[in-house]
Amino acid sequence: MWIVNSQLISVAAAKAIHGRLEAALGRLDLATLSAAPDDVFRAAGLSRPKLRTVRALCYAVESGLDLEALKQMEEEDARTTLLRVSGVGPWTADVFLLFAHGRPDAFPGGDTAVQAALKEAFDLPARPDRLAAEALAERWRPLRGVAAQLLWAYYLRARGGRDGAPAPHRPETTEELR
């Protein structure tokens with residue numbers, strides 16, 4: 001839930017929405033998320049597209065998507081499996097694999113803070129897009145996820161500690177969807 005909620009918004013906004021959802025639903029797990037009416041999500045501030053993604057993820061897990069089994073898969077296979085879920089894009093898949101599964105090579109090249117940190121740290125003329133960021137990170141295999149965390153730390157430090165990383169507030173676990 002946290003990762004979907006964090007898509008394309010600030011960490012502060014994601015924390016606020018997440019807090020309102022927890023207050024309204026209590027535990028955020030598969031049962032409560034599946035059973036909650038749409039108006040609860042909307043009242044908490046979750047956008048319609050994110051709500052569709054939450055519903056699609058719940059349906060996928062209820063239909064047999066085994067999030068724990070992703071740990072046993074090769075990196076690209078696990079990513080491809082997640083990308084099959086409606087609303088789950090590369091950023092969401094990579095952040096999930098990095099934080100929920102601790103995969104050290106998952107690299108969210110589409111993350112704005114990662115891109116900004118790459119631009120600043122390497123004195124690039126422009127912020128790289130997702131593909132360019134992923135190309136830059138190739139040399140860091142098999143520890144691109146570690147590099148992403150260092151880039152988030154760099155980004156935060158350069159901005160006086162303001163939020164920039166998507167998930168350190170509360171890493172999503174596969175247990176939250178059970």
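The values are calculated or read from the model by the stated rules, or taken from the named source; none is laboratory data. Please read these numbers as outputs of a predicted model, since none were measured by experiment. Counting neighbours? That spans all protein chains shown, and the Cβs are built from the backbone with ideal geometry, glycine included. Note: accessible area is taken over every heavy atom of the protein model, side chains too, but ligands, DNA and RNA are not part of it. Shrake-Rupley method; radii C 1.70, N 1.55, O 1.52, S 1.80 Å.
May I ask you to say which residue of R20, R52 is modelled with pLDDT of 95 or more, surrounded by fewer than 16 Cβ atoms within 10 Å (Cβ to Cβ) and part of a helix (DSSP H, G or I)? Steps first, please.
Details: R20 fails: surrounded by fewer than 16 Cβ atoms within 10 Å (Cβ to Cβ).
That would be R52, the only listed residue that is modelled with pLDDT of 95 or more, surrounded by fewer than 16 Cβ atoms within 10 Å (Cβ to Cβ) and part of a helix (DSSP H, G or I).
Identify the single condition in (1) farther than 19 Å from L28 by Cα; (2) at pLDDT 95 or above that Y59 does not satisfy, given that it satisfies every other one.
(1)
Here are L83, L57: which of them is open to solvent by 40 Å² or more (accessible area, probe 1.4 Å) and either touching a Gly at 6+ places or on another chain (Cβ under 9 Å) or under 22 Å from V114 (Cβ atoms) (or both)?
Residue meeting the stated conditions: L83.
Give, as residue ranges, the helices (runs of 4 or more DSSP H) completely inside segment 73-129 that count at least 3 residues that are without any contact (Cβ under 8 Å) to a residue 12 or more places away in the chain. Before you say what the answer is, go through the steps one by one.
Details: elements: 75-83, 90-99, 112-121.
The helices (runs of 4 or more DSSP H) meeting that bar are 75-83.
Among the listed residues L118, L131, identify the single one that is surrounded by fewer than 20 Cβ atoms within 10 Å (Cβ to Cβ) and over 17 Å from E75 (Cβ atoms). Lay out the reasoning, then the answer.
Values: L118 fails: surrounded by fewer than 20 Cβ atoms within 10 Å (Cβ to Cβ).
Unique residue meeting the criteria: L131.
Within segment 134-157, take every residue that is touching a helix residue (DSSP H, G or I) at 6+ places or on another chain (Cβ under 7 Å), under 20 Å from A12 (Cβ atoms) and not hydrophobic (A, V, I, L, M, F, W, C) and give me the one that is most open to solvent (accessible area, probe 1.4 Å).
Taking the candidates together, the pick is Y154.
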